[in-house]
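In what follows, a structure is listed as structure tokens, so that the remarks can point back to it.
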Amino acid sequence: MKDYAAVPGELVNGWQESVESWPGRKPIRFHYHDVEEWLTVVSGEITFFTLADTPFRVDVGRSLHIPRGEVHRVEVGSQGVEYRMFLPIAVPTFANKLDEEELDALRRNLQFPEYEDGPPENGHEFFKSALSEKLEFCRADGKCEGKTEFLARLSGDGNRSSSGSIQVLNKTDYGLLISTIVQMGKAKQAKWYMNVRFLEKDGGKLCCRLWVNYPQPVSS
């Protein structure tokens, strides 16, 4: 998510437009949309939270962009809110809700960088539970490995961090296809990598079955 001074009119030209209103202090639990969304607040205030609970407060006249699939929750201000919403196609507003099992699995995925970089013994314990025994992991250099090879490579080098946000790309009876950004390094040496993972239902638990990394371009 990112807040802006205004919705870019040339971008949303021809999109579905609607006016939404919610009473004061109404909480809206974690969910996601199958399309990207732009909104601008007409009256009142509203705060959106990423999965890591980073807040994005949107006041009157300000706008917010929510990428397709980004998991978020909402808190409406005490005076309620009215906002103008723009969607590329009409979709149900809160159809894609997530249950506690799914949210727990998504929060575990935000912790992957922490445990990749922490003490190897902690990483082994964490990933033995979070990864499927049938894991297929494709590293950014194109090399593929299984769970055993991945665990053996944990070294605690301490240079990864999570974006704190996750996008659900697809949800089926078999599991969740998700994406998240991981930063490696700091300051001018930092690089960003897209992590696409499929969380497969395995024995009543969502475990990472497929995991693909690839670099994201950055401005110089």
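The values are calculated or read from the model by the stated rules, or taken from the named source; none is laboratory data. In this text the structure is predicted, and so the values were computed from the model without any measurement. Positions of Cβ are generated from backbone atoms using ideal geometry, with glycine treated the same way; all protein chains shown enter the neighbour counts.
Out of W192, W211, one residue alone is farther than 23 Å from K147 by Cβ and within 16 Å of the chain's Cα centre (by Cα). It is W192.
Conditions (1) in contact with a helix residue (DSSP H, G or I) (Cβ under 7 Å, 6 or more places away or on another chain); (2) closer than 24 Å to F30 by Cβ; (3) not small (G, A, S), marked per residue:
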site: E70; (1), (2), (3): no, yes, yes
site: I89; (1), (2), (3): no, yes, yes
site: T93; (1), (2), (3): no, yes, yes
site: G123; (1), (2), (3): yes, no, no
site: L135; (1), (2), (3): yes, no, yes
site: E145; (1), (2), (3): no, no, yes
site: E149; (1), (2), (3): no, no, yes
site: R153; (1), (2), (3): no, no, yes
site: D157; (1), (2), (3): yes, no, yes
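Restricting to segment 192-220, and then to whatever is over 30 Å from E133 (Cβ atoms) and of a type outside the set (G, A, S), can you tell me which residue is surrounded by the fewest Cβ atoms within 10 Å (Cβ to Cβ)? Once the filter is applied, the top-ranked residue is P217. Residue-level check: of (1) under 21 Å from the mean Cα position of the chain (by Cα); (2) in a helix (DSSP H, G or I), H31 misses just (2). For L110, the conditions (1) surrounded by 13 or more Cβ atoms within 10 Å (Cβ to Cβ); (2) modelled with pLDDT of 95 or more; (3) not assigned by TED's automatic domain parsing to the domain that holds D202 all hold with the exception of (3). Listed by first and then second residue, the pairs with beta-carbon distance under 9 Å, at least 6 apart or on different chains, first residue in segment 145-167 and over 17 Å from C208 (Cβ atoms), second of a type in the set (S, T, Y) and assigned to a loop (DSSP other than H, G, I, E, B), are G164/T54; S165/T54.
Just to be sure, is G146 surrounded by fewer than 18 Cβ atoms within 10 Å (Cβ to Cβ), on the phi > 0 side of the Ramachandran plot and outside the structural domain of G24 (by TED's automatic domain parsing)? So G146 does not fit the description; no. Please find, within segment 98-157, the residue that is farthest from the chain's Cα centre (by Cα) out of those that are basic (K, R) and assigned to a loop (DSSP other than H, G, I, E, B). Of everything passing the filter in segment 98-157, K143 is farthest from the chain's Cα centre (by Cα).
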